[in-house]
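Engineer: I'd like to ask some things about the structure below.
The values are calculated or read from the model by the stated rules, or taken from the named source; none is laboratory data. As the structure is a prediction and not an experimental result, all values here were calculated from the model. Virtual Cβ from ideal backbone geometry, glycine too; neighbours counted across all protein chains shown. Keep in mind that these areas ignore ligands, DNA and RNA; they rest on the heavy atoms of the full protein, side chains included. Shrake-Rupley method; radii C 1.70, N 1.55, O 1.52, S 1.80 Å.
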Amino acid sequence: MVLGLILPFTMSYSAANLLYLSSPNCINEHKLSSTFSNPLSKNPIFVKYSNPRSKKPSSDLLLVFNCTSVSVDSGNVVKGTENPKTRGFHKIRNLTEEQNMAISQISTKMPNKCKALMRQIVCFSSENWTVDSLLAAWVKSTNPQRADWLSILKELERLNHELYFEVFERAFTEESFEPNIRDYTKIIHAYAKQDMLQKAENALTAMKNRGFVCDQVTLTALIHMYSKAGNLKLAEQSFEEMKLLGVPLDRRSYGSIIMAYIRANKLDLSECVLKEMESQDIYAGREVYKALLRAYSMMGDSQGAQRVFDMIQLAGIVPDAKVCGLLINAYFVAGRNMEACVAFENMRKTGLEPNDKCVALVLAAYEKESRLNEALNLLVDLEKNGYALGKECSDLLLNWFRKLGVVDEIEVVLRDFALRLPVL
């Protein structure tokens, strides 16, 4: 029977209406092939008899994601999508220059059905659509697969579009999206980055309601979320839950709890985790070490800063000028001015070119020790090696000479330095 052939292709259509289709005896093979090569909603054979309906979204998911603007009635399309404007995509006319620019930024590698939706999204107007009706019309006319949803979400994320979350939330209500635990992890992490803690927890609840169990990746995202929100207790609970999974922890998982301890100002616990990692020959990323070094530096804990600096080198990470500047700053804040100067000289011996911040810190250390001659000799030496005096150093020198009562003399010196600056 034709009915048996039609049903797999018309999952979103009313089965009752298909029973009234004309006999297939008058349809030859060529016409039947043509029928399924075009969208059903536009085919003349089905327009007269069929009553296409959108797939009914899960009301539980809609409630969990707090999509209160969407309502579901029994067996019917999502409320609001029967407006004539939502029955199919219309050509966008009278585009503004801004809209043309936005459309030009859409990736050309996307499938045509995805490009069509992206054009509607970047030119979105609440006068013509709601997000729900727009997506319902797209689903009805294109029958997207999971790959199409992922393509749309990836592009919205790349463009940092304001409708990213709304589209992502709606995708979870569509069977064609086939949501899995990675999708929930991704949206939880995205919510956490935007400090949308309540929505992230709603997504977590929805994930558990669907029967998914938190794995290492999801728990790592939760640790980041809770630590960023200042809830160290929940971050620690997630970390302990991760350990109970019985799988080896990677550097991202360890790094997440280290960052949680740093944000909670428990730097000693951060070091303990780093040492635990080193015992397993696992090393954190540069950003984790740098965050801990910065925390010690701002506190003026030069010993802690030196320990972390040594850990950085042990991990095989080559310190740059910014990392060295944090160590120099730790000594300076601690009042150990000469050690700050020694750290600066060690940096230069390794071949690193000092930035303006590093030079300013050393000049400030010389000022604390009233060692003007050493400061000037340093500047002359740096200038010979191509260093150009920056604004921070200039301001520091000007204030220093003002205290000494020789402002006029320093203005002449700074003017001379300014004439030697390269023209950009």
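Engineer: Are any of the residues in the range 182-203 in contact (Cβ under 8 Å) with a residue 60 or more places away in the chain and open to solvent by 10 Å² or more (accessible area, probe 1.4 Å)?
Structural biologist: Taking the range 182-203 as the starting set, the residues that turn out to be in contact (Cβ under 8 Å) with a residue 60 or more places away in the chain are 199, 202-203.
Of the ones still in play, those that are also open to solvent by 10 Å² or more (accessible area, probe 1.4 Å) are 199, 202.
Yes; the residues of the range 182-203 include at least one that is in contact (Cβ under 8 Å) with a residue 60 or more places away in the chain and open to solvent by 10 Å² or more (accessible area, probe 1.4 Å).
Engineer: Any idea which of VAL273, VAL288, VAL247 is touching a residue at least 24 places away in the same chain (Cβ under 8 Å) and over 19 Å from VAL318 (Cα atoms)? Outline the logic, then answer.
Structural biologist: Working: VAL273 fails: touching a residue at least 24 places away in the same chain (Cβ under 8 Å); VAL288 fails: over 19 Å from VAL318 (Cα atoms).
The conditions single out VAL247.
Engineer: Still on this structure, I have one more. Being open to solvent by less than 60 Å² (accessible area, probe 1.4 Å), closer than 19 Å to PRO319 by Cβ and of a type outside the set (A, V, I, L, M) is the filter here, so list the residues in the range 349-386 that pass it.
Structural biologist: Hits for the range 349-386 are PRO354, ASN355, ASP356, CYS358.
Engineer: Condition first: more than 18 Å from the chain's Cα centre (by Cα) and of a type outside the set (S, T, N, Q). Now tell me which residues in the range 157-180 satisfy that. Show your work before the answer.
Structural biologist: Of the residues in the range 157-180, the ones more than 18 Å from the chain's Cα centre (by Cα) are 170-180.
Correct list: ARG170, ALA171, PHE172, GLU174, GLU175, PHE177, GLU178, PRO179.
Engineer: Continuing with this model, one more query. Scan the range 141-164 and report the pairs whose first residue is open to solvent by less than 20 Å² (accessible area, probe 1.4 Å) and whose second residue is in a helix (DSSP H, G or I) and of a type in the set (Lys, Arg), with Cβ atoms within less than 8 Å and a gap of 6+ or a chain change.
Structural biologist: Qualifying pairs under 8 Å: PRO144/LYS113; ASP148/LYS113.
Engineer: Tell me, please, whether a residue that is surrounded by 18 or more Cβ atoms within 10 Å (Cβ to Cβ) and over 28 Å from THR220 (Cα atoms) can be found in the range 271-294.
Structural biologist: Looking through the range 271-294, none of the residues is surrounded by 18 or more Cβ atoms within 10 Å (Cβ to Cβ) and over 28 Å from THR220 (Cα atoms).
Engineer: Here is a further query. Given the options VAL213, VAL288, name the one that is on the phi < 0 side of the Ramachandran plot and out of contact with any Gly (no Cβ under 6 Å at 6 or more places or on another chain). Full working, then the answer.
Structural biologist: Numbers: VAL288 fails: out of contact with any Gly (no Cβ under 6 Å at 6 or more places or on another chain).
On inspection, the qualifying residue turns out to be VAL213.
Engineer: Taking the range 227-261 on its own, how many of its residues are open to solvent by 20 Å² or more (accessible area, probe 1.4 Å) and hydroxyl-bearing (Ser, Thr, Tyr)?
Structural biologist: Number of matching residues: 1.
Engineer: In addition: Working carefully through the options ALA330, ALA375, find the one that is over 27 Å from ARG307 (Cβ atoms) and in a helix (DSSP H, G or I).
Structural biologist: Details: ALA330 fails: over 27 Å from ARG307 (Cβ atoms).
From the options ALA330, ALA375, the qualifying one is ALA375.
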